[in-house]
Amino acid sequence: CDRTRLTADGQVRACLFATEESDLRGALRAGMDDEGLADRWRRAMWGKRAGHGIDDPTFLQPARPMSAIGG
């Protein structure tokens, strides 16, 4: 997976199968400027694992599937 996703409710997900999300909506509503929002997006991308891990026996599906994030 080489894409990040912005969910319908303003969360950045570094991978479709990621279990963590970074909140952009809250930051935007709090008045964060464009550079701050861009920095949050970059940190989400840089924290991304090398692979999505679905072939790993310990893989767990995220609580919110693609249909729940607006994808």
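Worth pointing out:
- Restricting region 35-71 to trypsin sites (Lys or Arg not before Pro) that sit in a DSSP loop and have at most 12 other Cβ atoms within 10 Å of their own Cβ leaves Arg49.
- Rg of the Cα atoms in region 11-71, relative to 2.2 N^0.38 Å, amounts to 1.25.
- Figure note: Thr4, Thr58 ranked by solvent-accessible area, largest first, 1.4 Å probe, ligands and nucleic acids not counted: Thr58, Thr4.
- Degrees, to the nearest 10: 34-46 long Cα axis against longest axis of the chain: 10
- Measuring nothing but how far apart in sequence close Cα pairs (under 8 Å, 6+ apart) lie, relative to its length, the chain scores a relative contact order of 35 percent.
- Solvent-accessible area of the chain (1.4 angstrom probe, protein heavy atoms only): carbon and sulfur portion equals 53 percent.
- Local net charge near Trp46, Cβ-Cβ under 12 Å (Lys/Arg +1, Asp/Glu -1): +4
- The largest accessible area among Trp46, Trp41 belongs to the first residue in Trp46, Trp41, and the rest follow in falling order (1.4 Å probe, all chains).
- Extension gain (nm, one decimal) between Gln61 and Glu20, 0.36 nm per residue minus Cα-Cα: 13.6 nm
- Taking label points 7 Å from Cα along the Cα-to-Cβ direction, Ala30 and Arg49 give a separation of 2.7 nm.
- Residues of the chain: accessible area per residue with a 1.4 Å probe, Å²: 70
- Mean Cβ count within 10 Å, highest first, over the residues of peptides 25-35, 6-16: 6-16, 25-35
The values are calculated or read from the model by the stated rules, or taken from the named source; none is laboratory data. Nothing here was measured: the structure is a model prediction, and the numbers come from that model. FYI the Cβ positions are ideal-geometry reconstructions off the backbone, even for glycines, and counts take in every protein chain you see. When the accessible area is computed, the model is the full protein with side chains, heavy atoms only, and any ligands, DNA or RNA have been set aside. Shrake-Rupley method; radii C 1.70, N 1.55, O 1.52, S 1.80 Å.
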